[in-house]
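The values are calculated or read from the model by the stated rules, or taken from the named source; none is laboratory data. Remember, predicted model here, so these are calculated numbers, not experimental data. In this analysis, Cβ positions are derived from the backbone assuming ideal geometry, glycine residues included, and neighbour counts consider all displayed protein chains. Just so you know, the surface numbers come from the protein's heavy atoms only, side chains and all, with ligands and any DNA or RNA stripped out. Shrake-Rupley method; radii C 1.70, N 1.55, O 1.52, S 1.80 Å.
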Amino acid sequence: MTYCVGLTLDEGLVYIADTRTNAGVDDISTFRKLHAVDTPGERSMTLLSSGNLATTQMVINILKDRMKSCSNRDAHLMNASSMFEAAKIVGTTLRNVINTFSENERSTEKKFDGTMILGGQIIGDEPRLFLIYPEGNFIEASIDTPYFQIGETKYGRPILIRAYNRQMGFEDAVKLLLVSFDSTIKANLSVGLPLDLQIYKRGSFCTGMQFRIEKDNEYFNMISSGWGEALRNAFDRLPDFSFETSIDPNLAKIQSRAA
C-alpha cells in the first residue's frame, strides 16, 4: 500500500508520495512513486502511482520508452496535444498492462491493479489534474474536487477536508500535506518515510522544485510533534462531558426504570 496526493492551487500544483512498499512486515522496501517529465518552456507532467508495484513500474517504463523512441507516429506524453490526451495515453497503457498480466496469470490469485494521478500543464492550457483508474478511465479535478488521493487515503483525508483552501500558498499547502501524511503514517504501517514532494508553479512549464523528506528531517519532526500537541490542547479545551446534563432526560428515565 502507499499514499499519494495531488493538489490544485491557484498558484499551481503540489504532489507528494510516500516510498514504502511491502509484502509483509518482514519485507519492506523503498521505491519512488513520483515521476516527473518535462520539455522546458512547453510542458511539465508528474505521475503518482499506487497499487501493485510490478504493474505500475511496467506502466512507467512503457511511457518512458515511448518518449525515448522520438517517434511522432506513436502517441506519448511528450507529443500529447493536451493534458486530457496525456491522461488518455496513461489510462490506455495502464489498462493494457493490467489486462496483459491478468491474462498471463489466470491460475493465480494475484491482483494486478494500479491507480494513478497525472498532473501538469501544456502550453496553451491551464494546469490540470487527473485521477486514472485501473480500467483506464479517469476524472479531472475541479472546484468541487480540488485534490486527489490514492492508496491509503482514509487517515489523512480529514485534515485535507477541514483545512484545504485553494488560495493558500505553496508553503501552507506543504504544511497541510505533511500533517495529512503524519496522521497516515502513525495509523498505518504500510505508509512510511521517506516522502517525495514536488511543486509546480503555474505557467512555468518545467518540473519545478523537488525534494525528499527523510526520517531525520527536522521540519517534519516538528510538524509531527506539534500536531500531536495541538490536538491534545484542542481536546482539553472542548466542553467536558456530563452524564447528568448531556444525556436526553427522557432516555435517562427509561434506562433508570429498566435498571
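Could you report the chain's accessible area per residue, 1.4 Å probe, as an integer in Å²? Walk me through the numbers before you get to the answer.
Details: 14280 Å² over 259 residues.
I get 55 Å² per residue for the chain.
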Percent of all alpha-carbon pairs of segment 123-259 at distances over 25 Å, whole number, is 47 percent
Expressed in angstrom and ordered largest first, the alpha-carbon extents of segment 57-203 along the principal axes are 45, 43, 28
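Residue separation times 0.36 nm, minus the C-alpha to C-alpha distance between E171 and S69: what's the value?
On the way: separation 102, 0.36 × 102 = 36.72 nm, distance 3.79 nm.
Once the chain is fully extended between E171 and S69, it gains 32.9 nm.
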FRET efficiency for N22 and Q57 from the Cβ-Cβ distance with R0 = 22 Å, rounded to 0.05, comes out at 0.90
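How high is the relative contact order of the chain? Use alpha-carbon pairs under 8 Å, at least six apart in sequence, and give a whole percent. Display every interim value, and only then the final one.
On the way: 455 pairs, mean separation 67.8, N = 259.
The value is 26 percent.
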The answer for the longest stretch of the chain without any exposed trypsin sites (Lys or Arg not before Pro) (DSSP loop, at most 14 further Cβ atoms within 10 Å) is 216-259
By the C-alpha gyration tensor axes a ≥ b ≥ c (rounded if a/c is under 1.5, else prolate when a/b exceeds b/c, else oblate), the shape of segment 1-102 is oblate
Under the Karplus relation with 6.51, -1.76 and 1.60 and θ = phi - 60°, whole-Hz ³J(HN,Hα) for segment 129-146, x at Gly and Pro, equal 9, 10, 10, 10, 8, x, 6, x, 7, 7, 10, 10, 5, 8, 4, 6, 10, x
Expected vector for segment 239-244, Karplus 3J(HN,Hα) from phi with 6.51, -1.76, 1.60 and θ = phi - 60°, integer Hz, x for Gly and Pro, equals x, 5, 7, 10, 5, 6
Long-range share for the chain, i.e. C-alpha pairs more than 31 Å apart as a percent of all pairs, stands at 33 percent
Cross-link reach from K186 to lysines, straight Cα distance under 17 Å and at least 8 residues apart if same chain, gives K154, K175, K215
With every protein chain kept in place and a 1.4 Å probe, the residues F84, F181 fall, from largest accessible area down, as F84, F181
Rounded to the nearest 0.05, FRET efficiency between E103 and I161 (Cβ-Cβ, R0 45 Å) equals 0.70
